[in-house]
Amino acid sequence: MNSLAILLALGAAVSWALTQVLTKTGLERMDLLSYASIRPLVALLFIVPYGLLTTGFQYPGLNFIAIAVLAGLIDAFFGSMLYFMAVKKSSAHEAASLANTAPFWGVVTAVLFLGEEPRLVVFIAAILVVLGAYFLVTRRNIPSADYSLWQTLPGLGAGVLWGIAETVPAKFCLNQGMSPIFYQLIMVSTAGVSWNLLAVFKGKHLFHHHYPLKDWGVAVFTGFSGFFLGWTLWLTGLNLAPASLLAPIRGSMTLFAFLLSIVILRERPTVRSAVGMLLTFGGVFLVSILG
């Protein structure tokens, strides 16, 4: 596999994992709509000048713009909404682990819809990553009735939507000649419009509440790390290697989110979490060496 593509995908995984962990702190005091609305707007402040200084924004055709818009709705609006719900109900590493089953769905959809080769090693790697995510979900000492399926569905749903949106529409558009930065511009713009329209519909204003500067700082930083840096690295790597091979690399987010949640949020690891971390590392290592 292209070693540069691996490094870019790993960089995206670190950036997105940091975003996932910090989201827990961002939503502790900020309301969901204020937090979600400002993030894509911040990212656009970086995406536009970066695009102008590099490849520019060549018009790819209405069909490809429509696909990028759909991807923005699936990933950055509905997927993010489900993740925000998940992170409010559980710890950061639990929510991230469930959402980071995305590599499995990314591999499956890349094979089914992009016609990529269904290589056994890639499926094994994706399954290891998903198993790692399963073991990383640490159930607390609470009655089983209080830990229902409904508490896990938002995180799992985010994983499905992210896995689909990060592979099929993105790789299809890039294969057809759409530049990564233009795809990113349309996708993030769609997220910005969607979240801010929802805020208007709900009667919320971006500066409706006077949050501490620290909370706004978290929203601004995660807008940069999640929508700009993470997606820039991911799409650049995706332009160099098949989606089905890079999807398991993206699964290293589970490991990074786990470690960052310990360092930043002081969450306590367990033996179960250690098993999950090893499985995740095994999947990423396998596809990196043999993929």
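The values are calculated or read from the model by the stated rules, or taken from the named source; none is laboratory data. Everything numeric here is computed off the predicted structure, so don't read it as measured data. Ideal geometry is used to build each Cβ from the backbone, glycine not excepted, and the neighbour counts take in all protein chains shown.
Inside the stretch 49-77, residues that are part of a helix (DSSP H, G or I) and either surrounded by 17 or more Cβ atoms within 10 Å (Cβ to Cβ) or of a type in the set (Lys, Arg) (or both) make up a count of 13. The set of residues in the stretch 236-249 that are touching a Leu at 6+ places or on another chain (Cβ under 9 Å) and closer than 12 Å to Ala13 by Cβ comprises Gly237, Leu246, Pro248, Ile249. Tell me whether the stretch 248-256 contains one or more residues that are at pLDDT 85 or above and within 14 Å of the chain's Cα centre (by Cα). Yes. The single residue among Leu4, Leu32, Leu10 that is in contact (Cβ under 8 Å) with a residue 40 or more places away in the chain, under 17 Å from Phe77 (Cα atoms) and surrounded by fewer than 21 Cβ atoms within 10 Å (Cβ to Cβ) turns out to be Leu32. Restricting to the stretch 91-133, name every residue that is small (Gly, Ala, Ser) and either surrounded by fewer than 23 Cβ atoms within 10 Å (Cβ to Cβ) or touching a strand residue (DSSP E or B) at 6+ places or on another chain (Cβ under 7 Å) (or both). Listed by number, the residues that qualify are Ser91, Gly115.
Right, Leu240: touching a residue at least 40 places away in the same chain (Cβ under 8 Å) and crowded, with 21+ Cβ neighbours inside 10 Å or not?
Working: touching a residue at least 40 places away in the same chain (Cβ under 8 Å): yes; crowded, with 21+ Cβ neighbours inside 10 Å: no.
Considered against the rule, which asks whether it is touching a residue at least 40 places away in the same chain (Cβ under 8 Å) and crowded, with 21+ Cβ neighbours inside 10 Å, Leu240 comes out as no.
Consider the stretch 89-128 and keep the residues that are within 15 Å of Phe281 (Cα to Cα) and in a loop (DSSP other than H, G, I, E, B). The one that is farthest from the chain's Cα centre (by Cα) is Thr101.
Only one residue in Ala66, Ala126, Ala71, Ala165 is closer than 19 Å to Val14 by Cα, small (Gly, Ala, Ser) and at pLDDT 80 or above, so which one is that?
Values: Ala66 fails: closer than 19 Å to Val14 by Cα; Ala126 fails: at pLDDT 80 or above; Ala71 fails: closer than 19 Å to Val14 by Cα.
Of the residues listed, the single one that is closer than 19 Å to Val14 by Cα, small (Gly, Ala, Ser) and at pLDDT 80 or above is Ala165.
Within the stretch 247-270, residues that are more than 22 Å from Leu27 (Cβ to Cβ) and touching a residue at least 40 places away in the same chain (Cβ under 8 Å) sit with their Cβ atoms under 7 Å from residues that are among the hydroxyl-bearing types (Ser, Thr, Tyr) and surrounded by fewer than 24 Cβ atoms within 10 Å (Cβ to Cβ), at 6+ positions apart or across chains, in these pairs: Ile249/Ser288; Thr270/Thr138. Answer yes or no as to whether Phe228 is farther than 16 Å from Val168 by Cβ and surrounded by fewer than 22 Cβ atoms within 10 Å (Cβ to Cβ). Here the answer is no, as Phe228 does not meet what is asked.
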